[in-house]
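The values are calculated or read from the model by the stated rules, or taken from the named source; none is laboratory data. Everything quoted here is computed from the prediction, not taken from an experiment. Note that we place each Cβ from the backbone using ideal geometry, even for glycine, and neighbour counts take in every protein chain shown. All accessible areas refer to the heavy atoms of the entire protein, side chains included, with ligands and DNA or RNA removed. Shrake-Rupley method; radii C 1.70, N 1.55, O 1.52, S 1.80 Å.
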Amino acid sequence: MDLREQIRTTAMRAVQWRVALVCIVLAVVDGYEILVMAFVAPSLSVEWGLDNVTVGYLLSAGLIGMALGSVLLGPLADRIGRRKHILMCLALGAIGMALSGLATDVPTLMAGRAFSGLWLGAIVPSLNTIVSEYSSDRRRGTVMGVYGVGMPGGMVFGGLATGWLIEMWGWQGPFYFSAVVSAVMFIVTYLVLPESVEYLVERRPRNALRDYNKIARFFDSPAAAELPAPRGAADTRNPLRTVFTGTLLVRSILLWSSYALVVAALYFVNSWTPKMIADSTGNASDGRTVAILISAGGIVGSLVFAAFASRWNPRLVTVGLGVVALPIYFVFALVYDTSAGKVTAVLLGFVTISGMAALYAISPYVYPAASRGAAIGFMIGAGRGVSIAVPIAAGYLFAAGGTPALAFQISGVAMLGMGVLSWFLHRTYRGRTEDPEMVHLEDQNGSSNHGQPLLPLTTPISTQGAGTRETSG
């Protein structure tokens with residue numbers, strides 16, 4: 001049996017869960033690193049005497065790097081492989097974190113944050129893609145939902161650990177800690193993480209057959225004399241030509257816009273809430289506590305999404321999250337600086353972070369394998385490109401007399417927009433195949449398969465066949 005079909009249609013094996021576990025840990029590290037500046041900002045602003053506008057620029061420096069990394073470096077995963085790409089991002093990200101800790105002024109710190117952000121942004125598309133590609137069709141929504149726990153888990157850890165790290169080693173401590181952890185995870189990833197089977201088959205790098213057969217042993221499959229035939233109709237020389245054509249163009253616009261809205265809400269909440277709470281109470285630890293509660297809510301929300309995605313279409317679950325988010329944001333706007341705000345903060349994290357996890361779950365299998373890294377990289381880059389302006393704009397809003405309540409209300413409307421766009425994305429699948437490799441064929445033929453099951457991987461791409469379901473093999 002073709003390994004791609006075996007991964008898709010049979011019960012999850014130990015190697016598949018191992019891939020998911022490694023990527024969850026890497027997502028924890030990524031979540032910590034994304035928010036480390038927000039946790040450091042209250043102490044650093046006092047030590048360096050920074051105003052809100054300067055803090056906003058520091059918070060956005062990493063986002064600028066992440067947006068550029070997703071767009072410019074994310075597509076490298078389709079060329080050099082998911083595994084090599086992740087290793088490269090870990091190594092250079094560790095260097096960026098160390099440089100941030102060595103900064104002695106604002107420009108140097110911004111440069112360090114931007115450099116580390118490049119690799120934080122670039123690694124996420126590869127993590128999302130390889131987890132999705134090693135998940136079975138039946139369990140993909142659930143696995144991706146559990147994978148979504150990683151980022152808020154890192155945020156919770158950051159909120160718990162950075163206070164102690166700052167007390168022990170000053171504001172530089174959290175950055176040095178991150179550099180060490182990234183270096184350790186480089187070693188673990190090198191030893192444990194296999195290459196994507198879909199990448200090996202579709203792109204056929206040097207030694208692809210050797211690596212394919214190494215992975216086959218984990219599935220108790222005999223060694224293959226040659227690689228299976230490539231199945232995708234994507235343009236491997238120019239992946240984005242595939243993404244920006246026909247049905248995939250419509251789906252990309254809806255998906256990327258949804259992602260941009262949820263990221264804008266998330267990065268406002270994560271970047272500014274700790275400081276706003278600290279300013280209100282006069283205690284930086286109060287801000288970290290609320291940030292921890294938001295992230296804890298995100299962990300619960302991601303697990304709930306995983307459970308719901310095992311029973312309902314993940315796109316529809318995403319729609320529900322967007323609708324429920326609006327009233328939660330409006331309530332939080334009224335009570336954020338009260339004791340009731342701590343309870344509502346959990347709900348805020350529940351809908352916002354699980355909304356991002358939901359879009360991470362949906363996005364990889366919108367696209368053919370040969371274009372997946374580039375497409376997800378551009379999606380994340382587009383979203384973070386929008387989010388770059390959010391911390392800066394919030395800083396100017398507050399400097400002009402705007403209230404935190406107004407900013408939270410605007411974020412709630414953004415979350416509702418995410419839900420609405422996800423609904424329209426779901427409607428593009430009505431009467432169409434769920435198989436991303438078949439979308440081009442449908443567009444070329446000018447007709448849909450009217451909901452027929454997925455094309456088996458062993459069937460030539462020019463014909464349709466019966467679908468398969470997960471078995472215990």
- Looking only at segment 313-372, which residues are closer than 30 Å to residue 288 by Cβ and of a type in the set (S, T, N, Q)? 318, 338, 339, 344, 352, 354
- Message: Restricting to segment 189-216, and then to whatever is basic (Lys, Arg) and modelled with pLDDT under 90, can you tell me which residue is nearest to the chain's Cα centre (by Cα)?
- Response: 203
- Query: Do any residues in segment 101-127 that are without any contact (Cβ under 8 Å) to a residue 24 or more places away in the chain have Cβ atoms under 6 Å from those of residues that are basic (Lys, Arg) and open to solvent by less than 30 Å² (accessible area, probe 1.4 Å), where the two are at least six apart or on different chains, and which pairs are they?
  - Reply: none
- Message: Can you pull out every residue in segment 183-202 that is among the charged types (D, E, K, R) and either on the phi > 0 side of the Ramachandran plot or out of contact with any Pro (no Cβ under 7 Å at 6 or more places or on another chain) (or both)?
- Response: 195, 198
- For segment 84-134, which residues satisfy the criterion of being of a type in the set (S, T, N, Q) and over 20 Å from residue 388 (Cβ atoms)? 104, 126, 128, 129, 132
- Message: Quick check on my filter: what residues within segment 231-288 are crowded, with 24+ Cβ neighbours inside 10 Å, under 30 Å from residue 152 (Cα atoms), modelled with pLDDT under 80 and of a type in the set (S, T, N, Q)?
- Response: 270, 271, 273
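Can you tell me which residue among 286, 279 is more than 19 Å from residue 391 (Cα to Cα) and among the acidic types (Asp, Glu)?
Every option except 286 fails the conditions.
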- Message: assigned to a helix (DSSP H, G or I), open to solvent by 50 Å² or more (accessible area, probe 1.4 Å) and not β-branched (Val, Ile, Thr): which single residue out of 408, 350 fits that description?
- Response: 350
- Could you tell me whether any residue of segment 51-60 is closer than 30 Å to residue 205 by Cβ, touching a Pro at 6+ places or on another chain (Cβ under 7 Å), open to solvent by less than 60 Å² (accessible area, probe 1.4 Å) and part of a helix (DSSP H, G or I)? no
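Filter segment 301-315 for residues that are in contact with a Ser or Thr (Cβ under 8 Å, 6 or more places away or on another chain) and in a helix (DSSP H, G or I); which is farthest from residue 139 (Cα to Cα)?
Step by step, filter segment 301-315, then rank; the result is 301.
When segment 10-19 is examined, which residues are found to be open to solvent by 10 Å² or more (accessible area, probe 1.4 Å) and assigned to a helix (DSSP H, G or I)? Before you say what the answer is, go through the steps one by one.
Step one: of segment 10-19, the residues open to solvent by 10 Å² or more (accessible area, probe 1.4 Å) are 11-14, 17-18.
Hits for segment 10-19 are 14, 17, 18.
Pick out the one residue from 357, 345, 291, 307 that is surrounded by fewer than 24 Cβ atoms within 10 Å (Cβ to Cβ) and either under 15 Å from the mean Cα position of the chain (by Cα) or small (Gly, Ala, Ser) (or both).
307
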- Which of the following residues is in contact with a Ser or Thr (Cβ under 8 Å, 6 or more places away or on another chain) and either acidic (Asp, Glu) or more than 30 Å from residue 402 (Cα to Cα) (or both): 65, 81? 81
- Query: Do we find a residue being over 27 Å from the mean Cα position of the chain (by Cα), in a helix (DSSP H, G or I) and at pLDDT 85 or above anywhere in segment 168-188?
  - Reply: yes
- Index of the failed condition, residue 89 passing every other in (1) modelled with pLDDT under 90; (2) assigned to a helix (DSSP H, G or I); (3) within 19 Å of residue 35 (Cα to Cα): (1)
- Task: For segment 193-218, name all the residues that are open to solvent by 50 Å² or more (accessible area, probe 1.4 Å), assigned to a helix (DSSP H, G or I) and in contact (Cβ under 8 Å) with a residue 12 or more places away in the chain.
- Result: 203, 209, 214, 218
- Only one of (1) at pLDDT below 80; (2) within 18 Å of the chain's Cα centre (by Cα) does not apply to residue 395, and that is (2)
